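Report on the following structure.
All of the numbers you see were taken from the coordinates with simple rules; none came from a lab. It should be emphasised that the depicted structure is a prediction, and the values quoted were computed from it without experimental measurement. Please note: Cβ atoms are built from the backbone with ideal geometry, for glycine as well, and neighbour counts cover all protein chains shown.
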Amino acid sequence: MIDLAAQRGALIAEVAVFKKECMELWFVPELAASYSNRDFFSFSIIEDDQVFFMIEQARQLWAFWNKAKVQAVPEGSVLVKESEIETFWQDDEEPENCVNKERDFNCLGDCLDIEDITSITKRQVAYLASSKAYGTWVTKFEAGQLKKDYFFVGSQEECEEIVKTNKSLYPSRSGAHQ
């Protein structure tokens, strides 16, 4: 059951935040003061918990404010805190060489002579989500030999089942039937 008093209280609290933020805009204090005989932010809560401001400019500000809240993070985008962005430097000629701390820069120059220059890319990344996965080779028995067919990535249980199947394809392999 919906607690109407709590819902109304939350809406009134939202209006209070709206008023405070509006008063921080350069033009709103003067505009509000121009309404000397009434409260610029006077409002009523009407059906479907809609806020209705009595003064048109306040009504427009409310509409803009709500639209800005919805569009704070554009559709199809994610918001990432700066503290969650990581930086690393990667050698362009040997991309497997990378460091994530400036104090480790010497590692990027290990194979260079003193007159050499190398290109390095500074990368900033944010990891949005991570999950554990497992991998193993799916094999095939071909020409009397067990050969790698493709590398499978999935759950640990799926990988264990593949390994079990791989072992059954090559019974002479040591430990296959233990």
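Please list, in chain and number order, the residues 5+ apart from Ile120 or on another chain whose amide H is under 5 Å from its amide H, with Hs placed from the backbone.
Asp92
Can you find, among Trp62, Ser131, Phe141, the residue farthest towards the positive end of the dipole of the stretch 45-141? Put +1 on the C-beta of Lys and Arg, -1 on that of Asp and Glu.
Trp62
Report the FRET efficiency, 1/(1 + (r/R0)^6), for Glu161 and Val125, where r is their Cβ-Cβ distance and R0 is 35 Å, rounded to 0.05.
Efficiency, from the Cβ-Cβ distance: 0.55.
With the cut-off at 1.5 for a/c, could you classify the chain from its C-alpha gyration tensor as rounded, prolate or oblate?
oblate
Where does the chain land at 222 nm, in deg cm²/dmol rounded to the nearest 500, when only DSSP H runs of n ≥ 4 count, each adding -39500 (n - 2.57), divided by all residues?
Result for the chain: -10000 deg cm²/dmol, rounded to the nearest 500.
Excluding same-chain residues fewer than 8 positions from Lys164, which lysines have a Cα within less than 17 Å of its Cα?
Lys140, Lys147, Lys148
Rounded to the nearest 0.05, what FRET efficiency do Phe105 and Glu84 have when you use their Cβ-Cβ distance and R0 = 25 Å?
0.60
For the stretch 82-126, rounded, prolate or oblate, judged on the Cα gyration tensor with a ≥ b ≥ c (square roots of eigenvalues), a/c < 1.5 rounded, else prolate if a/b > b/c?
Prolate.
Mind putting a number on the dipole of the chain about its Cα centre? Charges go on the C-beta only, +1 for Lys and Arg and -1 for Asp and Glu, and I need it in Debye to the nearest 20.
The calculation lands at about 760 debye.
Nearest 0.05, what FRET efficiency do Leu31 and Val70 give at R0 = 35 Å with Cβ-Cβ as r?
0.90
Provide the packing ranking of 43-50, 74-81, 11-18, i.e. peptides ordered by the mean count of other C-beta atoms within 10 Å per residue, highest first.
Ranking the peptides 43-50, 74-81, 11-18 by packing returns 11-18, 43-50, 74-81.
Output the DSSP H helices from the chain with an along-axis C-alpha extent of no less than 27 Å and a mean Kyte-Doolittle hydropathy no less than -1.0.
Qualifying helices, which must be both long enough and hydrophobic enough, are 4-23.
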